[in-house]
Amino acid sequence: MRIVQKSLSISPYLTMIVGMILTISVQSSSIITSTFTPLVGLSILTVEQMFPLTLGANIGTTCTAILASLVTESVSAIQIAICHFIFNIIGITLWFPLQFTRRVPLKMAYRLGDLVAKYKWFGVYYILYLFILIPVISWSISNLITLSIIGLVFGILILSILAMISLWMFNKFERFIEIAGKCRRHNRQRQIEMR
């Protein structure tokens with residue numbers, strides 16, 4: 001913990017490297033992120049400090065995947081591992097270096113934290129929505145569309161619309177809950193009147 005605290009006081013890029021080294025040493029980004037996440041909840045670390053640590057953990061997990069792929073001696077495994085590494089590097093390059101782009105994922109993290117604090121069931125809803133419903137919809141779309149230029153463009157368009165709707169829905173989540181509550185109260189009132 002002292003190494004992490006020291007890196008936090010020096011530079012977020014050093015914190016990213018520390019997160020990467022920690023992940024490579026334990027060979028699991030989940031262990032690193034799940035170890036440090038409660039420290040954010042306890043206000044020992046801030047979300048801003050946790051962000052580069054998590055990004056470093058994501059790079060570290062790709063390094064262990066590259067090492068594992070080298071053992072297999074399979075060209076396809078090595079290519080996929082390198083693609084995983086490059087994907088994470090591109091994501092970090094897009095979202096971390098500039099202050100205004102860094103605010104986007106941080107605002108999303110704060111928003112999701114507020115929703116979990118306000119609605120205790122939101123965490124389960126979020127996991128079901130993001131890790132079950134969205135993949136099932138994406139898989140269904142991929143099975144409906146043939147792999148051609150038109151199908152590819154159509155699939156990307158549908159998934160982009162789905163992503164925008166999801167972001168809008170999470171942004172206006174309280175409003176949806178309010179409308180659902182009004183509908184529920186209205187239905188109860190009608191049932192009472194019908195008796």
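Each reported figure results from applying straightforward, stated rules to the coordinates on display, with no laboratory input. As the structure is a computational prediction, the values presented were derived from the model and not from experiment. Positions of Cβ are generated from backbone atoms using ideal geometry, with glycine treated the same way; all protein chains shown enter the neighbour counts.
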* Does the chain classify as rounded, prolate or oblate by the C-alpha gyration tensor (a ≥ b ≥ c root eigenvalues; a/c under 1.5 gives rounded; else a/b over b/c gives prolate, otherwise oblate)? -> oblate
* To do: Using the number of other C-beta atoms within 10 angstrom as an exposure proxy, rank Met50, Met108 with the fewest first.
  => Met108, Met50
* **Degrees between helix 47-72 axis and first principal axis of the chain (Cα, 0 to 90, nearest 10)** => 60 degrees
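Calculate the translational D of segment 119-195 in whole µm² s⁻¹ from Stokes-Einstein, where the hydrodynamic radius comes from the Kirkwood formula applied to all Cα pairs, the temperature is 4 °C and the viscosity 1.567 mPa s.
After rounding, the answer is 85 µm²/s.
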* Structure fact -> Sequence order, segment 160-177: Karplus ³J(HN,Hα) from phi using 6.51 cos²θ - 1.76 cosθ + 1.60, θ = phi - 60°, Hz rounded, Gly and Pro as x, gives 5, 4, 4, 5, 5, 5, 5, 4, 5, 5, 5, 5, 9, 4, 4, 5, 4, 5
* **Acute angle (nearest 10 degrees) that the helix 12-26 long axis makes with the longest principal axis of the chain, alpha-carbon atoms** => 80 degrees
